[in-house]
Every structure is written in C-alpha cells, then in structure tokens.
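Structure first, commentary second.
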Amino acid sequence: MEADTTTWSPARVAALYDVGNTWLHRVHPLTKLAAVLPLTVAGFAGDSIRVPAVILIVAVLTLLVSRLGSVVLKSLRLIAPMTFALFVIHGVVRPYESEPIASWGPISINAEGLALAGTTAARLAVFVIAVTSAMTTVHPKVFATALIQRGVSHKLAYAYLAGAELLPEMRLRASQILDAQQSRGFDTKGSLPRRFRTLFALLKPLLVSSLIGVEMRTLALESRGFSRLGRRTSAVEVEDRGKLLQRSLLAAAIPLVVLAILW
Amino acid sequence: MVSGARGPDSTGSRTAVFAGFQEFGVTYDTASTPSLTGLTLELHSDKLTLITGPSGSGKSTLVRVLAGFIPRLLHGKIEGSAEVLGNDVESAPPNSITDSIGMVFDNPFDQLTAATKTAFDETAYALENEGLHPAEIVDRVMGALESVGLADLAGHHPRRLSGGQSQRLAIACALAQQKPILVLDDPTSQLDPTGTAEVVSMVGKLRREHTTVVLVAQDLTHWLAIADRLVILDGGRVTADGSPASLLAEPGLLADQVMIPRYVAIWAELRSRGIELGDRAPLGTDQLLASLQASDGAGG
Amino acid sequence: MTAIKDALSFKTAFTTTAWVLIPVAIGINMIGRTFTQVLNLPLFLDTIGTTMLAFLAGPWVAAVAGVLTNLVIGLTLEATSIPFGIVNAAIGIVAGVMAARGFLRSTGKVIWLMVALTVTTIVTATPIVVLVFEGVSGSGVDAVTGFFVASGQGMVESVIGQQLLTTPGDKILTVLLAFALIKGVPARYRPPFAREVVPF
C-alpha cells in the first residue's frame, strides 16, 4: 500500500507549521505563545480601532520584513469571511438611529456600524495573527517538548499531538469519501435527510474502526511506557529558557485589563 | 497432548523456561465463556515458538497474558496460575512484564502511537518515556531502524509507510527498547505478499540472532521453516505441541484446527499414494521439492 | 457501579484508554464539521466526538477532549475556534453527568438530555459570540443572525434567536449520531463506564 503523496504532503499534515529558520522560528515556543495574551488583551482594551490597528500594522510589517508573509496570508484567509460578515451585519443590515452615510435603495451604510465592524475585525485579527505567528514557526513536537519541560502532563501532550495528527487525517479521509460520492452525482438525488443517511452510512465504518483500534493502541502505548512513572526526555533537545520573559508577558496582561476597565 | 515440559524442540537442547502456565484460565469481564481454560504450557528462551489454532481458540488471549496485558489492562477472571519472567501475572507490578516483552500486533497502523510525524519519533517514543539521554535515544533508534532496514525512511511519516514497513517499524520499537522477548500476534494477516515476505525475513533474521520469539499465526505457510516448536490451541487449551515436522506428519488429524500449508498437503497426498517421502513433513516448498528429487533419484 | 464512580472522579477517570479515546473524539468532532461544510448544512455537528466520549468515558474525559478539540483546531488551523473550547467542554460535562445519572436509559430521558445540551450550548456560546465576535461566526448561520438584526433585535437577542433556530436540530442529530457510533462498536471494546450507562 504505497500512500498517495499528493494527498499526504507534509503541509497538509502539519497544517500551520512551516519549516524555516527565521528569527521567530528561533524564539522559544512558549515565549511566542505567552505573547498572544498581552497582545490580544491590548487589542480588546480601549474602545477604538486605534490600538489593534497599530498592533496589526507593526505585526504585518514585521512579518513581511522577516519573510513570514505566509503568516499574513493564513491569517487573512481566516479573518476575511468574519470581516465580511461583520461589515454586512453591523454596517449594512443593522438599523441605526443616526443618518446613513450612503444608501442605495433599501441598502444603507452606517458610520457607527462600520466603526464597530472595523474595530472588531481588527481585534480578532490581532488574536489570529498572534496565534498564527506562534504556531507557524514551531514544530508540534518541539512545542509539546517545551510544554512537558514546564510540567504539563506528557499524557495531555500525547492527546494534543495525536489529536493534531488524527484531525487532518480524519478530515482527509472524510472529504475523500464525500468527494467520491459527490463526483458520482449523489447530491442531485434524494431528499436532504436521505443524503444525510447515505453519507453517514459511508462514514460510519471509518469512525467505528477508529474506535475499535483504541484497544490495540492502548496496549501498544502501555508496552511503550505510557504509564511509566518518572521523568521524560525528548529526542529533540529544546533549550529550557526565557521563563522570566514568558512570565512577564503573561503578567503584562493584568495591568492592561485594569487599564481597560478604568478607561 | 499437553507436553510443554518434554521440551519438544527440533534441536533437543534444553533452554531456560521464561513463561509457565499451570491449569490457567481467563474469562474476560465482557464474556460469558472462558477464552483460555486449563492451559498448561512452558515457553523457552532462544526459541521460536509458533502458536496456531482456529479463530476463537485463545491464541490472542494467550499472547496478551504473555505480554502482561491480562489481567492488568484487559480485565477478566483468572484461574490457575501463569508466570512470566518470574512474575505472577496477577500480582506483577505494573511494567514488570511489559518492559521485557516486545509486542507486535496484527494491525500495522493501530499499534502505532498516532502522535508522531516520523518513523524516527515513533521509535523514540518509548525511550523518551524511559527518560533516556537524547544521545542514547538517537543511537538506539538508528540502530533499531537499521536492523529492520528502515534507516532510510527514518524521516518518513509513519502513515506513509506500507503495511510491511509499518510492521517492521513496530518491531524496531521493541528492538530499540532492547526487550529480550518478541511476541507477534499474527503479524502478517493484514499484509499483502510483499509485506508478508518482508516481515517473515525480518523475523527469521532476529531468530538467527537468538532473539526469543513467540509467534501466533493462522496461516503457517511462511513460518514453519523458521519455527522451533509448534503449539496448537483449540477451545482455550493446548491440543498438540511438538516439532513442526513431526506434528504435521499426519496433517489429516489436524485439519479441523490448523490451516495446513499447501506443500504439506501435497506431501501428505503423495505419501498416501505410496510415494516414499520420509515421515517428517516438509517445512517449505523447497523442502518438498528436495524430498521429491531425493525420492525421484532413489526410485529412478 | 464502580465504573461510574471511577469515571466521575478526576483522579481515576483518566485511564490509558481514556487518553487514547480523546484524540479519536477530536477526529470525530472534525469529521462532523467537514460533513456539514461539504453538505453546506446550517449545522455544526462539531461535538459528536465529545458527546460520544461523554457516554463512553464520563464527563471529565469528555471535557478534556472538548477543550483539546478547539485547541488543536485553533493552534493548527483556525485560531478563532479557541474560545469555543468552553462550549465544547461544557457539552462534555453535561452529557457525561447526565449519562451517569441514567439519562440514556429511555427515550423520554434522552429528549431531556437533548434539551440540556441545547441550553448548555446557548448559555455558553452566546457570551462568546456577542462579546468576542460581535455576533458573527464567519459561517452560514451568520445569515440567520443577520435576519434577526435587520428586524431590529439587539445583538444578544439576535444571537440567541439564531441559536434557538439552529442548535436544537444540531444537538438532536449530535446525540443520535453519537448513539449510532457507539452502537457500531461491539460491547467488548467499550470502556466500563459505557457498559453501565449505555443501554444497548
């Protein structure tokens, strides 16, 4: 059984992670993750678009200069549909007391709504770009190793890593089954509930076999020391550093929250 | 015929017993009938013991006891006693048995962790759990992958391996842990012919290097030639035990319990038609051919 | 009954089997999402795995699977799914506790379970959707929210309105599909908790 390389490209398996050696790749994974909190809190603090917009501009420029344009693209892909929905719901659909700034027939655009949509989109974009920057530049195994070094249970790390592996695999296998069905023209016949049934019947063996495989995997993990007590090591050495910086980043969120409340 | 103590191995040499079962029985918590009952058997180091029998005969249960999974992880009612490497299976401390027995299952993929991105990381997983130094992990992993012929694929995603490669990876995981005993539960039953050939030759190589192997197989075709001893289970107990060549000398008697390899069936058929082929069953097609040529030479 | 007790205690619930089931539940949650996206249904079905795991291994294991699902999706695909981990975990806890209390034993009780999961979803998701996302999700249900907003409803009312329309169907199907999956797994492969709480 030679696996199909087109459907199993590493990019599809590792999702966000991009191999590289930029300065951001070299920052300790937990430092990058810790930075998400103060950045996001700062973005949500205050009630104008100014703070999140400044953070965004700085972040995008930094990423572009650092040859990490892919982070910007990935973030954009995620944030675009939300931004669209925000502008439609708040800028166009929602009724306001104030006069619209423009209107064509039944459609009118309101300044207050546009501002709210813009601010919200910018805030979400700060969060998305912070997480995406962190996760694009850390290999999952390095990430898990860093967490285990700081006392996160290796069992939790296992569940995270296995989830991250199974997720794209399940998605891939499911979409292959669904694509195959669609290409046979199934979506033209039958009512919705009926199509639903057919599809579920097709997916069920995949799901049930993954459940039945659990017993064997449990035994295999046991025979490989999953429940063993004591310290874990890692074949990849991750330097344990930046603890003070990471704590400071997390702590920085507190004055920001206080500031936001007082504002 | 319950005769583990008679040491029925082809070489006749006496080796240490590493596991012993005395009137042993298991009834799973989820089952009403026992999977093993009144089983008495001793297993020897530095041998390849081949275990066979019909579906539901208790083969898989037996190897799960041997690997330390029953009754600690798979719960059930135990009768009699079983000792593996000096540990009673009911009272053995966690990991005392699993640390010494390498286990390879029939499904090539379900037995992997599913949490790793490379064959290297997959093999390293157990060693990381042991807390070994990174340099030693790298050494042992590369050594193990080398010896199963997967060193070139160390960076490949485990899911991208073929079934045969995946089974070799599972063997490598056990080798990296330096476990002295390897237990394989029908390791080729879900493989294509290429994968089967890969795994058979790998096990043969390990056997020649004096690894102790316990192997369960429904289809004996590829395994007889490297087996030192054949144990047949039926209804949760041992029904026959001896050297493969002598046990299969009367294949008709075993037809209900064993899938008789074609070369043995042909040998028995020719013999029943009066062709003199000796009274030891052939353990492979080449042995059958050799004895045919010998008899041809004698007759012609 | 010890199996139920074990699954309800944080100390004993996390067996090796539980840890191995968690990633499978994450994968099943993902399949539900893919399924509705491909079929373009106004549903999410992204908690089938969590709900199923709550029936198999109890509330705590399911809650961890719920949080991890959104964390994994958030850290490998879509950062915006992270806050909804709270919803996913709450569903795991409610489904698991109700399963332990015998709510899977009769059709009437299962309907209460569906109601409880719907309420749980609305109560936990609404604050996140309103406060963090100002009412949008970037998916098809935004059209429903937009409809309520256009008719002059406030944002909280619109989001609740949208959820009242889409969540009950989602949760009914989620519970039924979770049942269908468990039914497909032979009893001997089910964890001890499931053997006590699942009636078939």
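Here are a few things to note about the model shown:
- By average C-beta atoms within 10 angstrom, highest first, the peptides C:165-177, B:204-216: C:165-177, B:204-216
- Amide hydrogen proximity for B:T40: with H placed 1.01 Å from N in the peptide plane, the residues at 5 or more positions away or on another chain lying under 5 Å are B:E23, B:F24, B:V238.
- By the combined test of axial Cα extent (at least 27 Å) and Kyte-Doolittle hydropathy (mean at least 0.5), the qualifying DSSP H helices of chain A come to A:111-136, A:192-222, A:243-262.
- Mean ellipticity per residue at 222 nm, deg cm²/dmol - from DSSP H runs of n ≥ 4 across chain B, formula -39500 (n - 2.57): -9500 deg cm²/dmol
- Shielding value for A:84-95 is 6, the average number of Cβ atoms from other chains within 10 Å of each residue's Cβ.
- Lys, Arg +1 and Asp, Glu -1 on Cβ, resulting dipole of the stretch A:27-117 about Cα centre, debye, nearest 20: 580 debye
- Full extension of the chain segment joining A:A252 with A:V19 gains 80.9 nm, where the gain is 0.36 nm per residue of separation less the Cα-Cα distance.
- Cα-based reach from C:K5 at 19 Å (exclusive), listing aspartates and glutamates while leaving out same-chain residues under 8 positions away: B:D29, C:E196
- For C:139-147, mean number of other protein chain Cβ atoms within 10 Å: 3
- Under the Karplus curve 6.51 cos²θ - 1.76 cosθ + 1.60, θ = phi - 60°, whole-Hz ³J(HN,Hα) for the stretch B:104-112, x wherever Gly or Pro sits: 10, 9, 6, 7, x, 9, 5, 8, 8
- Rough spin-label spacing in nm, given labels placed 7 Å along Cα→Cβ, for C:L8 and A:L64: 5.9 nm
- Span-rule helices in chain C, defined as complete DSSP H runs reaching 30 Å or more along the axis (Cα) with Kyte mean at least -0.5: C:16-39, C:107-127, C:155-184
- Geometric extent, Cα atoms of the protein assembly as shown - Rg, Dmax (angstrom): 30.3, 113
- Cross-link pairs C:K11/C:K171; A:K155/B:K117; A:K32/C:K11 - those with Cα-Cα distance over 20 Å: C:K11/C:K171; A:K32/C:K11
- Nearest-0.05 FRET efficiency for A:E97 and C:F200, computed from C-beta distance (R0 45 Å): 0.20
- Note: relative contact order over chain C, using C-alpha pairs below 8 Å and six or more positions apart, is 24 percent.
- The antiparallel fraction among DSSP beta bridges confined to chain B stands at about 55%.
- A:F84-A:S153 FRET efficiency (beta carbon distance; Förster radius 51 Å; 0.05 resolution): 0.80
- Separation between Cα centres of the stretch A:102-128 and the stretch C:1-62, rounded to whole Å: 38 Å
- Cross-link reach list, lysines versus B:K47, counting only Cα pairs under 22 Å and skipping chain neighbours closer than eight places: B:K59, B:K179, B:K205
- log₁₀ of I(q)/I(0) at q = 0.12, 0.13, 0.20 Å⁻¹ - the stretch A:140-235, Debye sum with one point per alpha carbon: -0.58, -0.64, -1.02
- Projected label distance in nm at A:A115 and B:D139, using a 7 Å step from Cα toward the beta-carbon: 6.9 nm
- With a 10 Å cut-off around each Cβ of A:125-131, the average count of Cβ atoms from other chains is 3.
Bear in mind that the values in this text are calculations on the coordinates, not laboratory data. It should be emphasised that the depicted structure is a prediction, and the values quoted were computed from it without experimental measurement. Using ideal geometry, Cβ is built from the backbone for each residue, glycine included, and neighbour counts are taken over all protein chains shown.
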